[in-house]
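Shown next, in structure tokens, is the structure this report addresses.
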Amino acid sequence: MLARHQGQVVLISGAIPGERVRVRIEKANRHVAWAETMDVLEASGDRRVPICDLACGGSFYGHIKYERQRLLKSEVIADAFQRVGKVPLPQLPVVEPSSQEGYRLRARLHVRDGRAGFFREGSHDLCDAGQSGQLHSSAMSVVDAVLGLLGARAADCEAIMLAEDIAGAQRVLHLEPRQGRRLDDLRVQTNIPGLSGLTTTGPEGFFTIAGAPTVTDTADQLFGGDSPVGSVPVWTRRAASFFQANRFLVGTLTRRVLEAAQGARCVDLFSGVGLFAIAMAARGSKVIAVEGDPVSGADLASNAAPWRDQLRVARSSVEDFLESPPGDAPDVVIVDPPRTGISSQALTLLLDWHAAPASSNSAQRFVYVSCDPPTLARDAARILAAGYRLTSIEAFDLFPNTPHVETLAVFDR
């Protein structure tokens, strides 16, 4: 939260807008200070008992009632558009709610002294990831059992990547070896309940230690039995691949993207394992899916195989793909970039691709999925300046009790 003291900006953890608090300054420079709430002198009606250590798992909204959390995130999006993009929104975007417990499909846990957990924000101090409520109730028990199975070899493990299917019936753990160590020589038999696979990487690449190396979700699981693309599509992925992390909202987000991305020809940039691209192809669109990460790209290629007549995979960086785009621009471009947003080079190339007159077949719609409001606002300003308008904006609370929010913005030419 933000306050001002004697003209200086103070960023305060553990407070709520409108409260009066006593704080301890943790660090400061000439422009800003960082502080922690020590005493609440005048409390907000939206204050609740914190769910956990607020710095564990980035749970910095854990002391705020959930409805106020959603309002704050909506205000953060609007502020970013006004302040960074110089684009005032006509109204606050709606933030789709999520269950606050057991929502994460993916997580990275650091390993130290035979224990696994999150780092407290801004430190290398390990904290119990289970207390944050983000993981499935059985996840940490499985992680602890795997560390017990490794014994002394746990010292060779830097981190554990966890991946689950939406139902929680499949769970793969991926062991990241420490620098100069290796774990691909392990030969173990696992009968740990709740663990379906154990993998790692070695000098020769990806290696399966035991069980199945992937988890899979069907269209019926993704969309809750009401699939808009039939029951055939599946999304199979390894623990290190990118996939949206909230089991309760991933289907809702995908459905909204499909509703927005109406078009016969589509390009899906930063495609991951093909969450949107596979759904678009199954619906009948011609799709080019672009992904530069080697692990996610390999899973994307496998998932796309049944749709080869509809879906082409380009395993390259977005910048390299846009340097020589294949012919006319599509009807719709979907972008789901990392937290840094679309690079300046990629956005320039993308807008140049669409620079043909509106009467041509150039792209008429951008569907932008963002995990960071300021970079979305920054990129939105350039998209609007290129002759597009902001048609709609909404948000999804993929990470309850944290400051993070996923935003879906649609731009039409």
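The values are calculated or read from the model by the stated rules, or taken from the named source; none is laboratory data. Since the structure is predicted, the reported quantities are computational estimates derived from the model, not experimental observations. With ideal geometry, Cβ positions are generated from the backbone for all residues, glycine too; neighbour counts draw on all protein chains shown.
Annotations
Yes/no matrix, rows are residues, columns are (1) at pLDDT 95 or above; (2) β-branched (V, I, T); (3) part of a strand (DSSP E or B); (4) closer than 28 Å to L249 by Cβ:
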residue	(1), (2), (3), (4)
L150	no, no, no, no
A159	yes, no, yes, yes
E176	yes, no, yes, yes
D184	no, no, no, no
N191	no, no, no, no
T200	yes, yes, yes, no
F206	no, no, yes, no
L222	yes, no, no, yes
G230	no, no, no, yes
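- The sole residue among S343, S324 that is out of contact with any strand residue (DSSP E or B) (no Cβ under 9 Å at 6 or more places or on another chain) and modelled with pLDDT under 95 is S324.
- Residue match in the stretch 58-71 (condition: buried (at least 16 other Cβ atoms within 10 Å of the Cβ), within 18 Å of the chain's Cα centre (by Cα) and either within 27 Å of A381 (Cβ to Cβ) or among the basic types (K, R) (or both)): yes
- Residue among L183, L249, L198 that alone is outside the structural domain of N401 (by TED's automatic domain parsing), buried (at least 20 other Cβ atoms within 10 Å of the Cβ), closer than 30 Å to I278 by Cα and touching a strand residue (DSSP E or B) at 6+ places or on another chain (Cβ under 6 Å): L198
- Whichever residue in the stretch 1-47 is within 16 Å of G122 (Cβ to Cβ) and of a type in the set (D, E) and, among such residues, is surrounded by the most Cβ atoms within 10 Å (Cβ to Cβ): E36
- Residues in the stretch 246-267 that are in contact with a Leu (Cβ under 8 Å, 6 or more places away or on another chain) and of a type outside the set (S, T, N, Q): R247, L249, V250, G251, L253, R256, V257, A260.
- Residue list for the stretch 265-300, filter: touching a Ser or Thr at 6+ places or on another chain (Cβ under 8 Å), farther than 24 Å from T199 by Cβ and surrounded by fewer than 22 Cβ atoms within 10 Å (Cβ to Cβ): R265
- Wholly enclosed strands (runs of 3 or more DSSP E) of the stretch 1-108 bearing at least 1 residues under 29 Å from L253 (Cβ atoms): 2-5, 8-13
- Of all residues in the stretch 72-127, those satisfying the criterion of being among the hydroxyl-bearing types (S, T, Y) and surrounded by fewer than 17 Cβ atoms within 10 Å (Cβ to Cβ) are S99, S123.
- Where a residue in the stretch 317-330 is surrounded by 12 or more Cβ atoms within 10 Å (Cβ to Cβ) and its partner, wherever it lies, is among the charged types (D, E, K, R), with Cβ under 7 Å and at least six apart: P330/R265
- Of all residues making up the stretch 252-264, the number that are modelled with pLDDT of 95 or more and surrounded by fewer than 20 Cβ atoms within 10 Å (Cβ to Cβ): 4
- Counting only residues that are in contact with a Leu (Cβ under 9 Å, 6 or more places away or on another chain) and either in contact (Cβ under 8 Å) with a residue 60 or more places away in the chain or surrounded by fewer than 20 Cβ atoms within 10 Å (Cβ to Cβ) (or both), the stretch 214-231 holds 2 of them.
- So V273, is it of a type in the set (A, V, I, L, M, F, W, C) and either free of Cβ contacts under 8 Å to residues at least 12 places away in the same chain or not in a loop (DSSP other than H, G, I, E, B) (or both): no
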